[in-house]
């Protein structure tokens, strides 16, 4: 069953809720925005949530406010990094809560992974085909997001998130649940030998272990081209890091196939908006 379920009402932002989590864990909000239900002009219409693409900043702020309000957070809780397709991870606390909420410059620099155990913080990162990775430790009450394009994937950001959760918050791998969100699928993601040389380097770390079948990672085509499955690669990295396979949710949505619902860098020709992944624990109001 598809874990990311569209909540799409007239006049509201399109939100793909991570339904198995939000229905199970009190106070947790997690999901992924679509491209509809916001404000903005072509080519960023309508729910672009990122500053760096060239959209009007006022429209980006308006869209973020719509999303945050729909989720029960304030814009000041929206916290994000300046993504650089690497595997660096930042810990978010009350001192850096809200970084990047109102402009690009105040975002946490050179950061593709975010972790926090602070209620009232809404972690966010941005996508137009790359893979959003979600992490939650219900015992230690730690939430995390990672942005994984092919570079972040082969750099092992999924495994490094698990390691950071263990080292910083005392999480146990078997307690962590993870999710892989809407992103470009192997049906649409064609790459060349330059990318595949890095994929094979990562593949070598899995060969010889019967737990993993790297044959699911890519399909070989003619002319030195390959169809790459970033979702499956990240799932294997999570499992190798100790997350139980039954604790991993994986989407069936392809952002390129469903360009009516999602921004897609490839389908839109490189100039387009960005969706936001988000995760956060709501503050509990005292009676």
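Within region 43-61, the set of residues being surrounded by 16 or more Cβ atoms within 10 Å (Cβ to Cβ) and either in contact with a strand residue (DSSP E or B) (Cβ under 7 Å, 6 or more places away or on another chain) or in a helix (DSSP H, G or I) (or both) comprises 47, 49, 50, 59, 60, 61. Put simply, of 23, 29 the only residue that is under 23 Å from residue 248 (Cβ atoms) and touching a helix residue (DSSP H, G or I) at 6+ places or on another chain (Cβ under 9 Å) is 29.
Go through region 110-150 and report how many residues are over 22 Å from residue 253 (Cβ atoms) and not in a strand (DSSP E or B). Within region 110-150, residues that are over 22 Å from residue 253 (Cβ atoms) and not in a strand (DSSP E or B) number 11.
Contact map, region 181-196: first residue within 21 Å of residue 135 (Cα to Cα), second residue at pLDDT below 95, Cβ cut-off under 9 Å, separation 6 or more or different chains; the map is empty.
Within region 162-180, the set of residues being over 16 Å from residue 248 (Cα atoms), surrounded by fewer than 17 Cβ atoms within 10 Å (Cβ to Cβ) and either in contact with a strand residue (DSSP E or B) (Cβ under 9 Å, 6 or more places away or on another chain) or in contact (Cβ under 8 Å) with a residue 24 or more places away in the chain (or both) comprises 163, 168, 170. From (1) more than 15 Å from the chain's Cα centre (by Cα); (2) buried (at least 22 other Cβ atoms within 10 Å of the Cβ), pick out the condition that doesn't hold for residue 4. The failed condition is (1).
Residue check: is residue 68 assigned to a helix (DSSP H, G or I), closer than 15 Å to residue 275 by Cα and in contact with a strand residue (DSSP E or B) (Cβ under 8 Å, 6 or more places away or on another chain)? Taking the combined requirement at face value, the residue satisfies it.
Entry remark, region 1-42: residues being farther than 13 Å from residue 182 by Cβ, in a loop (DSSP other than H, G, I, E, B) and in contact (Cβ under 8 Å) with a residue 24 or more places away in the chain number 11 in total.
With respect to being closer than 17 Å to residue 258 by Cβ, surrounded by 16 or more Cβ atoms within 10 Å (Cβ to Cβ), in contact with a strand residue (DSSP E or B) (Cβ under 8 Å, 6 or more places away or on another chain) and at pLDDT 95 or above, residue 20 falls outside the description.
Inside region 108-133, can you point out the residues that are more than 19 Å from residue 149 (Cα to Cα), out of contact with any helix residue (DSSP H, G or I) (no Cβ under 9 Å at 6 or more places or on another chain) and crowded, with 24+ Cβ neighbours inside 10 Å?
116 - this is the single residue of region 108-133 that is more than 19 Å from residue 149 (Cα to Cα), out of contact with any helix residue (DSSP H, G or I) (no Cβ under 9 Å at 6 or more places or on another chain) and crowded, with 24+ Cβ neighbours inside 10 Å.
Can you tell me which residues in region 166-187 are more than 14 Å from the chain's Cα centre (by Cα) and under 24 Å from residue 264 (Cβ atoms)? The answer is 185, 186, 187.
The values are calculated or read from the model by the stated rules, or taken from the named source; none is laboratory data. These figures come from a predicted structure and were not determined experimentally. Here the Cβ is made from the backbone with ideal geometry for all residues, glycine too, and neighbour counts use every protein chain on show.
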